[in-house]
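Reviewing the structure listed below.
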Amino acid sequence: QDGLKRCLAEFRQQLTWVERLDVTLGPVPDPVSQGASTSDAVDPENDFQREMSFYRQAQAAVLEALPRLHKLQVLTRRPDDYFAEMAKSDQQMQKIRQKLKSKQEAMERSEKAKQLRAMRKYGKKVQVEVLQRRQKEKKNMLNAVKKYQKGLSDKLDFLDEEQTSSQGNKKGNASQRTKKGPNAKRRYKNQKFGFGGKKKGSKWNTKESFNDVSSFQSKVAHNKGPGKGGRGGKGGKKALNKRPGKRARQKMKNRAR
Amino acid sequence: GKWKNKERVLIFSSRGISFRTRHLMQDLRTLMPHSKADTKMDRKDQLFVINEVCEMKNCNKCIFFEAKKKQDLYMWLSNTPQGPSAKFLVQNVHTLAELKMTGNCLRGSRPLLSFDPMFDQEPHYALLKELFIQIFSTPQYHPKSQPFVDHVFTFSITDERIWFRNYQIIEEDASLVEIGPRFVLNLIKIFQGSFGGPTLYENPHYQSPNMHRRLIRLSVAAKFREKQQVKEVQKIKQKGTKVLVEEDPTEVVFETPAEEKPVEIQLVKPESKSIVKDKKKLRKIQRKKQKKLFRTEG
């Protein structure tokens, strides 16, 4: 050890700092510091950490040395019109630039391909949604037409598509309350099961339907009741409850259309 | 100004170096305008011949690359007339020509030297620092040098080794790009004289590459031998003579045979219990059965 120190003393040259341009400093503190334990000992296996520590050491040296050099009037910035031979030839720099460009292009291409795939997926989804919406509208339109045919709604609102749904609701509610028509339960059932009614199982002549006498009204059947007496007095009240015959009904239908 | 600091560095090598080493040498020559080149030295000559070569070329410092077995690269740094010299093992060499190093600097511009603070803490590192400074710094007003300072050499100590990097200074706010080359120096010994003389310092952490390779081979061999041994032990266990145990006459004493049960013959098929997997399904089946009955009855 002493030998080393003696040797160093002999060997050391007394030169001004400008000649040597050396700086001994630790690295610049990392703004994204990860705790005291890691900052002390740089793990040599961790390549990125190691290189970053070297980089920061160089930065610290530069930050200290450049002001000193400026004070000593040593130039550090190369003027733009100063052309001189560089350590790496222009050809080499060209090669480097080409490589960087190709890498960037490859990345961009992959990005574009990814985006295209995503767009296609989205487009498909939107298309499906549009088709479904159209189906729904068609269904609603047909129902509205049927309602009108049956004579329940005398407005031709469904032709007017510009009317927004909210507006339509407000107007509809006001008129629906004053209308007579079928009561709420009937309307709900019509809306749920379609206006034609449950078609498939409606006219079976089964034991149940045969035994089912709920739709029998004795007064209607025997043509008795308050209608007989009231018709003379009031007139027309019972006539509303009495269901007209087949021919009369058809006439009514044709007339309404 | 006048060129006062007359440092000249001789950079050359021995025979048998690889292309990478040759490129590294050329890179160092371009980066250091105060350097001189020389032909390859024959391995037959002794090392102190280098001192004479340096004197002939009028150089007072020397960087000598020595390649052994076409694999290991050693580097000597020395102050030729009488000063100290150091021998290093060089690893992880990357040259200027690598495409990942995108920086560039003026040929012959003076470098800024940046050292790790650990260089000041140990005497041998302090000596090495002085050696590096004198060798790598370009003298001011050297005829081949450019007056600007636009790159910085970094010497850092990590993992008992010295890492060398070269960065280009782009902006005044210290944004850097690597120019290269890069290498790692593993100190072996420091001598008092140039290429000889008493040893001032020997690195305890240094392991020669031969040793390193030998250890790897030994570990592989040891693993193989262990496997063999385990196999042999297993063989012995298998083959091992089985000891015959004699029949013990007193064993039979406590044996009591079980009582005989009467033989039962079943004539009626036992009721099979249905495995109910699904209670709902069962209920459904039951309801269907009931309906059927109801219909047939009614």
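When each of B:Val245, A:Val23 is scored by the number of other beta-carbon atoms lying within 10 Å, the sequence from fewest to most is B:Val245, A:Val23.
Restricting the chymotrypsin sites (Phe, Trp or Tyr not before Pro) of segment B:109-193 to loop positions (DSSP other than H, G, I, E, B) with no more than 14 neighbouring Cβ atoms within 10 Å leaves B:Tyr141.
Every helix of 4 or more DSSP H residues in chain B counts as -39500 (n - 2.57), and over all residues that averages to -9500 deg cm²/dmol at 222 nm.
Using the 10 angstrom Cβ neighbour count as an exposure proxy, how do B:Val9, A:Val213 rank, fewest first? Don't skip to the answer; put the middle values down first.
Values: B:Val9 22, A:Val213 7.
The fewest-first ordering by Cβ neighbours comes to A:Val213, B:Val9.
Measuring r between the beta carbons of A:Asn205 and A:Glu111 and using R0 = 60 Å, the FRET efficiency lands at 0.25. Partners of B:Lys288 within straight-line reach, counting lysines whose Cα lies under 28 Å from its Cα and excluding those fewer than 8 residues away in the same chain: A:Lys198, A:Lys199, A:Lys200, A:Lys203, A:Lys207, B:Lys269, B:Lys273, B:Lys277, B:Lys279, B:Lys280. Which residues make up the longest stretch of chain B clear of trypsin sites (Lys or Arg not before Pro) that lie in a DSSP loop with no more than 14 other Cβ atoms within 10 Å, not counting the sites? Between the exposed loop sites, the longest stretch runs B:145-241.
With the cut-off at 1.5 for a/c, could you classify segment B:1-158 from its C-alpha gyration tensor as rounded, prolate or oblate?
Note, shape of segment B:1-158 comes out rounded.
Spin-label pair A:Asn46-B:Lys100: with each label point 7 Å from Cα along the Cα-Cβ axis, the two points sit 1.9 nm from one another. With 23 Å as the limit on Cα-Cα distance, the pairs of B:Lys6/B:Lys57; B:Lys2/B:Lys61; A:Lys192/A:Lys246 that go past it are A:Lys192/A:Lys246. Peptides A:117-125, B:260-268, ordered by how many other C-beta atoms sit within 10 Å of their residues on average, highest first, read A:117-125, B:260-268. Assign one of three labels to segment B:196-289, namely rounded, prolate or oblate, based on the Cα gyration tensor with a ≥ b ≥ c the square roots of its eigenvalues; rounded applies when a/c is under 1.5, prolate when it is not and a/b is larger than b/c, and oblate otherwise. Oblate is the answer for segment B:196-289, as a/c is 1.5 or above yet b/c matches or exceeds a/b. How far apart, in nanometres, would the label points at A:Lys150 and A:Lys251 be if each is projected 7 angstrom from Cα along the Cα-to-Cβ direction? For the pair A:Lys150/A:Lys251, the computed spacing is 2.4 nm.
Taken over the Cα atoms of the protein assembly as shown, the convex hull encloses 486 Å³ per residue.
If R0 is 41 Å, the Cβ-Cβ spacing of B:Lys284 and B:Thr256 corresponds to a FRET efficiency of close to 0.15. Sorted ascending by nearby beta carbons within 10 Å, beginning with the fewest, A:Lys88, A:Lys200, A:Lys242 become A:Lys200, A:Lys242, A:Lys88.
Take every pair of alpha-carbon atoms less than 8 Å apart whose residues are at least six positions apart; their mean separation over the length of chain B yields a relative contact order of 16 percent. Computed log10 I(q)/I(0) for chain B at 0.13 Å⁻¹: -0.99, from the Debye equation with unit scatterers placed on every C-alpha and solvent omitted. For A:Lys253, which aspartates and glutamates qualify as cross-link partners when the Cα separation must be under 16 Å and same-chain residues fewer than eight apart are set aside? By straight Cα distance, A:Lys253 reaches A:Asp154.
Cross-link partners for B:Lys189 among the aspartates and glutamates, with Cα-Cα distance under 12 Å and sequence neighbours closer than 8 places in the same chain left out: B:Glu202.
Computed from the coordinates by the stated procedures, all read-outs in this text should not be read as laboratory data. Just so you know, these numbers come straight off a predicted model, no measurement behind them. Here Cβ is always computed from backbone atoms with ideal geometry, including for glycine, and neighbour counts include all displayed protein chains.
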